[in-house]
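**Q** Right, I'll just put the structure down here and ask away after.
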Amino acid sequence: MAEPESVLQNLGPATWSAEDGTAYEVALEGINHVVGAYSGLIAEAESAADTARVETLTAERRGWAARRGSLTPADRAEVDAVTAECARVLAELLGTA
C-alpha cells in the first residue's frame, strides 16, 4: 500500500519570517473574536426579531470571514492593520470603546 502524500509536499519555502507567522496567527485570532462577537449580536437581534439588524450584522460578519480567507502572513503591513482594526472593532462591539 502506497504512503499518502504529505499536504506539505507541494508547498514551497515560506516567504515570511517566524515573527510574521506569529503576527498572522494573532490577526487570525482577532478576526475569530470579531466574528464571534458579531455572532452574539446576531443572536440577540434574532431574539428581538430585528431582521434589518440581523442582515446588517450578518453582512459585517461575512466581510470579516472573507478577510480571514484573504489574509496572508506574507503581507505584514496588512496583518498588522487587521490586528489593530480587530481591537478597535471588538471594543466597539463589546461596548468598551
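Each value in this text was obtained by applying a stated rule to the coordinates, not by laboratory testing. What you see is a predicted model; the values in this text were computed from it and never measured.
**Q** Compute the length gained on full extension between A59 and A84: take 0.36 nm times their separation in residues and subtract their Cα-Cα distance, giving the result in nm to one decimal. Spell out each step's value before the answer.
**A** Working: separation 25, 0.36 × 25 = 9.00 nm, distance 2.07 nm.
Using 0.36 nm per residue and subtracting the Cα-Cα distance, I get 6.9 nm.
**Q** Another one. Using only helices, what value at 222 nm comes out for the chain when you add -39,500 (n - 2.57) per DSSP H run of length 4 or more and divide by the total residues, to the nearest 500 deg cm²/dmol?
**A** Calculated at 222 nm, the ellipticity per residue is -24500 deg cm²/dmol.
**Q** Let me ask another. Remind me, relative contact order of the chain in percent, using alpha carbon pairs under 8 angstrom and six or more residues apart?
**A** Computed over the chain, the figure is 39 percent.
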